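The values are calculated or read from the model by the stated rules, or taken from the named source; none is laboratory data. Only a predicted model underlies this, so the values are computations on that prediction, with no experimental measurement involved. For neighbour counting, all protein chains shown are included, and Cβ atoms are generated from backbone atoms with ideal geometry for every residue, glycine included. Just the protein is used for accessible areas: all its heavy atoms, side chains included, with ligands, DNA and RNA removed. Shrake-Rupley method; radii C 1.70, N 1.55, O 1.52, S 1.80 Å.
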Amino acid sequence: MKILSVNAGSSSLKFQMYEMPEEKKLISGVFERIGMDNSFYTIKFNGEKIQKEKDLKNHKEAFSILIDELKEYKVVEDLSEIKGVGHRVVQGGDYFDKSVVIDKEVKEKIKEFSCLAPLHNPAALIGIEASETVIPGAVNVAVFDTAFHQTMPIENYLYALPYEWASKYKIRRYGAHGTSHKYVSARMNEILGRTNTKLITCHIGNGASISAIKDGKCINTSMGLTPNAGLIMGTRCGDIDATIVTYMIKNYNMTAEEIENVMNKESGYLGISELSSDSRDIEDGIAKGNDKCILAQKMYVKRVVDYIAKYYVELGGCDAIVFTAGLGENSISTRREILDSLEVLGVKIDEKANNVRGEEKLITLPSSKIAAYIIPTDEELMISRDTYNLI
Ligand code: ADP
């Protein structure tokens with residue numbers, strides 16, 4: 001059965017098609033700069049990558065071209081072969097605790113939660129509607145980034161604000177990257193050969209979050225009401241004293257929008273290093289003795305270690321630490337610095353094993369009290385699995 005997985009952003013649309021249940025990836029690609037000048041798309045098929053320039057007015061048009069390309073590459077001969085389309089939806093609020101088949105009511109709910117993800121949920125809805133029009137015979141499924149975190153106990157998701165803020169304004173921790181944390185924790189359990197495990201999963205990419213997972217269920221995660229909580233990220237600050245916001249408004253006449261922009265787009269690695277949001281540039285800066293890059297990296301690693309220590313205590317121990325996403329899979333030095341800082345917990349890195357990028361691998365020594373693994377994430381496959389299972 002052919003399943004398409006779709007991740008619609010405000011100006012982009014990523015897709016992958018799988019043959020299920022074999023989980024065979026047939027084709028993938030990304031449409032970029034939708035609705036803007038110089039739009040283009042890239043297709044990956046049979047190990048080849050082809051880029052085409054094309055005026056893409058909207059997501060529906062991108063969808064139609066996607067279908068044409070599927071036919072062109074003979075991935076499908078007839079549209080009726082596509083039985084399901086799985087859509088990544090960032091915010092499912094406190095309503096969705098699992099993936100669901102999309103109907104009118106589900107779309108209303110996704111719209112309702114747009115206030116919590118104003119850039120992402122409307123884009124997902126556009127993707128869903130484009131799919132409904134272009135592939136009318138397929139079942140559409142919504143896979144929520146927040147759903148995996150719905151098992152957190154109330155003491156972990158509530159903020160110490162007036163209780164009414166949670167019930168009336170929906171202010172609480174929702175978390176994000178749930179599809180990735182679910183995928184890598186399931187894979188980790190597969191490797192360990194059991195499900196009664198205590199895992200700490202570090203999804204550290206441009207956006208970064210960390211979760212504590214007990215017996216396959218999330219009990220805590222670092223992102224909050226929004227993805228700008230917890231870890232230091234490429235351009236996001238993560239945890240700060242919330243009063244900084246009102247302080248800047250009162251004393252420096254900044255507007256809420258300006259502060260939000262700084263905290264989301266000009267902070268993190270970029271803000272501290274004053275150089276780049278990309279850890280590769282930070283690593284280059286460190287090699288050249290750039291003090292601000294050295295500081296940014298120190299702060300970045302320290303924040304991850306603080307969370308691992310906190311979750312280690314909360315889980316009552318830990319069987320494995322999992323690294324995934326851009327830095328987690330590729331930054332040898334970031335992984336090393338994090339694991340070295342955990343020596344006090346009995347963590348012993350295997351330097352040679354750690355010297356890899358993008359490979360599933362055990363990177364601690366047999367004598368290490370906690371194992372650490374690199375597990376490349378695959379959110380698209382997770383979306384396809386959920387879609388297949390619901391169909
Ligand atoms: P996103 O949150 O946008 O999905 P990714 O998970 O793709 O981000 O991570 C992108 C980030 O991963 C880059 O900005 C960079 O910091 C880091 N990264 C990617 N490749 C490498 C590498 N080879 N070495 C170090 N860091 C890397």
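Of the complete DSSP H runs in the chain, those spanning 27 angstrom or more by Cα along the long axis with a mean Kyte-Doolittle score not below -0.5 are 291-315. In the assembled protein chains, CYS115 presents an accessible area of approximately 100 Å² (probe radius 1.4 Å).
Mean residue ellipticity at 222 nm, helices only, the chain: -12000 deg cm²/dmol; runs of at least 4 DSSP H residues each add -39,500 (n - 2.57), and the sum is divided by the number of residues. Computed with a 1.4 Å probe over protein heavy atoms only, the accessible surface of the chain comes to 47 Å² per residue.
Surface calculation, 1.4 Å probe, protein heavy atoms: LYS98 sits at approximately 130 Å² accessible. Checked against a 21 Å cut-off, the cross-linked pairs LYS57/LYS107; LYS302/LYS361; LYS310/LYS348; LYS109/LYS170; LYS111/LYS170 give Cα-Cα distances beyond that limit for LYS57/LYS107; LYS302/LYS361. For the chain, what percent of Cα pairs sit more than 42 Å apart? Of all Cα-Cα pairs in the chain, 12 percent lie more than 42 Å apart. What FRET efficiency comes out for the pair ASP340/LEU275, r = Cβ-Cβ distance, R0 = 35 Å, nearest 0.05? The calculated FRET efficiency here is 0.90. Full extension of the segment from ASN196 to TYR169, taken as 0.36 nm per residue of separation minus the current Cα-Cα distance, would add 6.1 nm. Computed over the range 261-320, the convex hull of the alpha-carbon atoms projects to a mean area of 5.1 nm². If the chain linking GLU23 and ASP241 were pulled fully straight, counting 0.36 nm for each residue of separation and taking away their Cα-Cα distance, it would gain 74.0 nm. With both residues required to sit in the chain, DSSP beta bridges show an antiparallel share near 65%. The apolar share of the surface of the range 260-391, taken as the fraction of accessible area on carbon and sulfur atoms (1.4 Å probe, ligands and nucleic acids excluded), comes to 49 percent. Among THR195, THR377, THR387, THR151, the sequence by solvent-accessible area, most first, with a 1.4 Å probe is THR195, THR151, THR377, THR387. Computed extension length for LYS302-GLU105: 66.6 nm, one decimal, from 0.36 nm per residue of separation with the Cα-Cα distance subtracted. Between GLU48 and LEU79, the modelled label-to-label distance comes to 2.7 nm, taking each label 7 Å out from Cα in the direction of the beta carbon.
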